[in-house]
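Comments concern the structure below.
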Amino acid sequence: MRLDENGFISFKGCLVASCIEQAHSALESILDESPQTIVLDLADVEEIDISGLQLLVSIRKTFSGEGSVRLSAVSPAVKEALEISGFEPALKETAP
């Protein structure tokens, strides 16, 4: 996972319970230096479960009062998880 100069955070691999702690730790330092608007690039996420979805919602909530969060290039696995879980509305873009 990395943050580029345009505010894109790219996720790769899995966002499941067994690796969510590592993702959360990496995000803490990234989010400290991020701009007000971030874009979560989920194209390379191969697997996601409820823990990963909760992490994405947490990121959105963190920025809800300070900026905005958008999802970009959602992989088929993420799209399916969003639809099945009902998390899709919670991850709609928000702006101050």
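What residues from segment 35-79 fall in the zone where the backbone N is under 18 Å from a label point 7 Å along the Cα-to-C-beta line of SER25?
Counting only backbone N, you get 52, 55.
Could you list, bin by bin from short to long, the percent of Cα-Cα pairs of the chain in 5 Å steps?
With 5 Å bins starting at 0, P(r) equals 3, 14, 27, 29, 19, 7, 1.
In a GNM of the chain with a 10 Å cut-off on Cα contacts, which of ASP41, ASP49, ASP32 has the highest mean-square fluctuation?
The residue that fluctuates most here is ASP32.
If amide H atoms are built 1.01 Å from N in the plane of the peptide, which residues on other chains or at least 5 residues away come under 5 Å of the amide H of LEU40?
ILE9, ARG70, LEU71, SER72
Taking every DSSP beta bridge with both residues inside segment 2-91, roughly what % is antiparallel (nearest 5)? Please list the in-between numbers first.
Details: 2 of 14 bridges.
Around 15 percent antiparallel, to the nearest 5.
Let me have the relative contact order for the chain, percent, based on Cα pairs under 8 Å that are six or more residues apart.
Once divided by the residue count of the chain, the mean separation gives 29 percent.
For a quick check, take a GNM of the chain with Cα springs below 10 Å and name the residue from SER25, SER68, SER58 with the largest mean-square fluctuation.
Evaluated over the chain, the most mobile residue of the options is SER25.
Which length gain, in nm to one decimal place, applies between GLU88 and GLN54 when the Cα-Cα distance is subtracted from 0.36 nm times their residue separation? Intermediate values should be presented prior to the final figure.
Details: separation 34, 0.36 × 34 = 12.24 nm, distance 1.14 nm.
Gain on stretching GLU88 to GLN54: 11.1 nm.
Any read-out appearing in this document is the output of simple, stated calculations on the displayed coordinates, not a laboratory observation. Since this is a predicted model, take the numbers as computed values, not measurements. Positions of Cβ are generated from backbone atoms using ideal geometry, with glycine treated the same way; all protein chains shown enter the neighbour counts.
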